[in-house]
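The next block holds one structure in the form of structure tokens; read it before the comments.
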Amino acid sequence: MPESIKKRIAIFGSTGSIGTQALEVIGAHADLFEVEILTAQTNDKLLIEQALKFKPNAVVIGDERKYETVKKGLESTDIKVFAGENALDEVADFDTYDMMLAAIVGFAGLKPTLKAVEKGKAIALANKETLVVAGDIVMQLAVEKRVPIIPVDSEHSAIFQCLVGETRNKIESIILTASGGPFLGKKPNFLVNVKRDHALQHPNWKMGAKITIDSATLMNKGLEMIEAKWLFNLTPDQIEVVIHPQSIIHSMVQFQDGSIKAQLGLPDMKLPIQYALAFPHRISNNFPRADFKKIKSLTFEEPDIKTFRNLGLAMEALTKGGNLPCVMNAANEIAVYAFLKNRIGFLDMTDVIEKTMNKVSFVQKPSLEEYFESDGDARSYAADLIKL
Ligand code: NAD
Ligand code: MG
């Protein structure tokens, strides 16, 4: 990367797990990157702190009640302050950044990301829900606008890295690895009693609450299968999942000749974040290195989709397509938030998702508006089931 031109990064969801780690990466490479936009939903204190340190052109606080606090916190600067959901689209429409790091969690990330693609901005994509909900529309627009979508999700970053230099070669299949989460090997009689705090303890990764629960139910891997379908233009039968509890192999690609490429490393999201920000370059860092004498063994097993039924439901959504992944995603968001509020049990999440998937009308080739409608219908049906 030429040193004189810094890449200007817009971080949507800067106060989250991915957002804060991205700022660490940027802070360590101030010669290569600068921060243009920061956005947060509720954490005004951290947003102000980040803005004072990284001096972006603009910040957005989603929660409008916090506008005054953020404005006041930044009054000694000329940083522009915006508030509310629509402001996300407004700043995504700015000309002044080069790449959006899409690190908002859930469906809320879709609209600003689509806006950035429309503007022709490169996307470093952490927000997998964007592709789960409307992957066909997002990828089609990205092709039209010649916008690179570079995955941040570690599995997809692994596959992306394995595909460098292989553009003319056909993929036979991809193998997504899954840690199995904190309840690997457990059965329904155990899971029925699982509480929020236990489910929030992931063995290998420290992440936001929603994705941590998704990892415990294996829904995360289901979302990732759908994400992979759109990113790499695959059919459902080309996407395989294997449990790999050590999280050292981040995923693999098998080519037509049977040869398999894998990408390995210690589980640390800063690596795929850095790779996406600096792509096509690899840049140095001082992250801990893998030591195979300490790791000793890498093991693999089949996922138990009879127990972790969310993964089975996601496979059904992947195969059927249409608005079903969107509906599943919306029901899952409602179910996960209800579980995090101790309103429903661990296994109830699956029931809410399954019932919602059976209820909301199927649309084979939805428009963007129809995706939004399906999302809304699924949310209200799922919320009714839980009596939220
Ligand atoms: P998080 O909950 O830690 O952070 C979410 C960020 O989004 C915060 O900055 C928050 O302010 C913002 N946000 C939340 N709701 C919003 C809304 N309604 N409107 C606007 N902004 C909102 O989440 P995270 O763990 O950083 O995950 C972010 C995304 O990255 C998710 O889609 C997740 O699946 C994906 N991802 C995360 C990891 C990880 O290690 N954390 C790994 C792979 C993929
Ligand atoms: Mg992942």
Within region 25-67, take every residue that is in contact with a Lys or Arg (Cβ under 6 Å, 6 or more places away or on another chain) and without any contact (Cβ under 8 Å) to a residue 60 or more places away in the chain and give me the one that is nearest to E90 (Cα to Cα). A58
Residues that are surrounded by 21 or more Cβ atoms within 10 Å (Cβ to Cβ) and out of contact with any Gly (no Cβ under 6 Å at 6 or more places or on another chain): find the helices (runs of 4 or more DSSP H) completely inside region 280-388 holding 2 or more of those. 309-320, 324-340, 348-359, 368-386
In region 93-118, what residues are in contact with a strand residue (DSSP E or B) (Cβ under 6 Å, 6 or more places away or on another chain) and open to solvent by less than 10 Å² (accessible area, probe 1.4 Å)? Y97, M99, M100, L101, A102, G109, P112, T113, A116
Those residues that are β-branched (V, I, T) and surrounded by 21 or more Cβ atoms within 10 Å (Cβ to Cβ), I need them from region 42-78; list them, please. I48, V59, V60, I61, V70
Being free of Cβ contacts under 8 Å to residues at least 40 places away in the same chain, closer than 19 Å to W230 by Cβ and of a type outside the set (G, A, S) narrows F372, F287, F292, F279 down to just F372
Subset tally (residues that are more than 9 Å from ligand 1 (Cβ to nearest atom), more than 16 Å from Y371 (Cβ to Cβ) and open to solvent by 10 Å² or more (accessible area, probe 1.4 Å)) for region 119-146: 8
Mind listing whichever residues of region 340-366 are among the hydroxyl-bearing types (S, T, Y) and touching a residue at least 40 places away in the same chain (Cβ under 8 Å)? T350
Considering only residues that are more than 12 Å from ligand 1 (Cβ to nearest atom), in a loop (DSSP other than H, G, I, E, B) and farther than 17 Å from T113 by Cβ, which ones fall in region 79-94? I79
K261 - would you say it is touching a residue at least 60 places away in the same chain (Cβ under 8 Å), of a type in the set (D, E, K, R) and in contact with a strand residue (DSSP E or B) (Cβ under 6 Å, 6 or more places away or on another chain)? yes
What about M207, is it in a loop (DSSP other than H, G, I, E, B), touching a residue at least 40 places away in the same chain (Cβ under 8 Å) and within 19 Å of V336 (Cβ to Cβ)? yes
With the condition kept exactly as written, say whether any residue in region 211-231 is open to solvent by 20 Å² or more (accessible area, probe 1.4 Å), more than 14 Å from ligand 1 (Cβ to nearest atom) and either modelled with pLDDT under 95 or in a helix (DSSP H, G or I) (or both). yes
Report yes if some residue within region 161-175 is within 16 Å of ligand 2 (Cβ to nearest atom) and assigned to a helix (DSSP H, G or I); otherwise report no. yes
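The values are calculated or read from the model by the stated rules, or taken from the named source; none is laboratory data. Not measured: the values here are computed from a predicted model. Every residue, glycine as well, gets a Cβ built from its backbone with ideal geometry; the counts of neighbours run over all protein chains shown. All accessible areas refer to the heavy atoms of the entire protein, side chains included, with ligands and DNA or RNA removed. Shrake-Rupley method; radii C 1.70, N 1.55, O 1.52, S 1.80 Å.
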